[in-house]
């Protein structure tokens with residue numbers, strides 16, 4: 001294992017964990033300019049640490065769990081920014097947002113009941129959804145108005161991801177990290 005890359009990957013993940021409270025403070029302190037740039041940097045570090053971890057095969061269960069927590073905190077603070085800065089957008093899209101929140105709570109509740117901890121599947125669907133979530137959120141903060149088409153596409157991918165993770169949680173008897181997706185899990189089961 002390349003220990004230098006492993007440390008760098010973990011530092012980038014720890015950065016996102018530490019940046020979440022700072023992002024929250026920037027929201028509360030009404031500093032949207034600094035908030036959006038720090039949010040963009042957090043999304044960039046997420047892309048870099050995942051790429052490096054896979055390229056140099058320096059993945060670990062702890063790293064996967066910390067990455068999932070850091071991702072959730074970053075997205076949560078970004079959504080809180082929408083609540084504080086543009087509540088009109090949420091009022092317009094409340095049904096879709098409610099569906100996503102319901103599925104997110106359902107998936108995490110099932111994981112806590114079944115595994116006694118949150119999942120860290122990192123499926124392909126989750127990775128694609130994360131790219132579009134980040135894209136929408138960055139457009140939201142950096143452009144004059146939200147891009148509805150990007151939001152709808154990101155929302156559809158997020159719903160597909162959460163549905164897949166619910167299915168994985170129900171089908172996998174034990175906790176696993178870095179599951180490619182439902183298709184690959186079912187294929188693996190067939191071979192066994």
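Scanning the range 55-97 for residues that are under 17 Å from the mean Cα position of the chain (by Cα) and farther than 30 Å from residue 2 by Cβ returns 76, 77, 78, 79, 80, 81, 82, 97. So residue 119 clears everything in (1) at pLDDT 95 or above; (2) within 12 Å of the chain's Cα centre (by Cα) except one condition, right? Which one? Failed condition: (1).
Report whether or not residue 160 is assigned to a helix (DSSP H, G or I) and buried (at least 21 other Cβ atoms within 10 Å of the Cβ).
Numbers: assigned to a helix (DSSP H, G or I): yes; buried (at least 21 other Cβ atoms within 10 Å of the Cβ): no.
In short, no.
Only one of the listed residues (30, 93) is outside the structural domain of residue 132 (by TED's automatic domain parsing) and either more than 16 Å from residue 126 (Cβ to Cβ) or in contact with a strand residue (DSSP E or B) (Cβ under 8 Å, 6 or more places away or on another chain) (or both). That residue is 30. Going by what's in this entry, would residue 12 be described as buried (at least 17 other Cβ atoms within 10 Å of the Cβ) and either in a helix (DSSP H, G or I) or in the same structural domain as residue 167 (by TED's automatic domain parsing) (or both)? Yes.
Could you please give the count of residues in the range 163-187 that are part of a loop (DSSP other than H, G, I, E, B), more than 22 Å from residue 100 (Cβ to Cβ) and at pLDDT 90 or above? Steps first, answer last, please.
To start, the set of residues in the range 163-187 that are part of a loop (DSSP other than H, G, I, E, B) comprises 172-176, 178-181.
Checking which are more than 22 Å from residue 100 (Cβ to Cβ) leaves us with 172-176, 178, 180.
Narrowing the set further to residues that are at pLDDT 90 or above leaves 172-176, 180.
Adding up the residues that qualify gives 6.
How many of the residues making up the range 118-135 are in a helix (DSSP H, G or I) and buried (at least 22 other Cβ atoms within 10 Å of the Cβ)? Residues meeting the conditions: 5.
The values are calculated or read from the model by the stated rules, or taken from the named source; none is laboratory data. Since the structure is predicted, the reported quantities are computational estimates derived from the model, not experimental observations. Backbone-built Cβ (ideal geometry, glycine too); neighbour counts: all protein chains shown.
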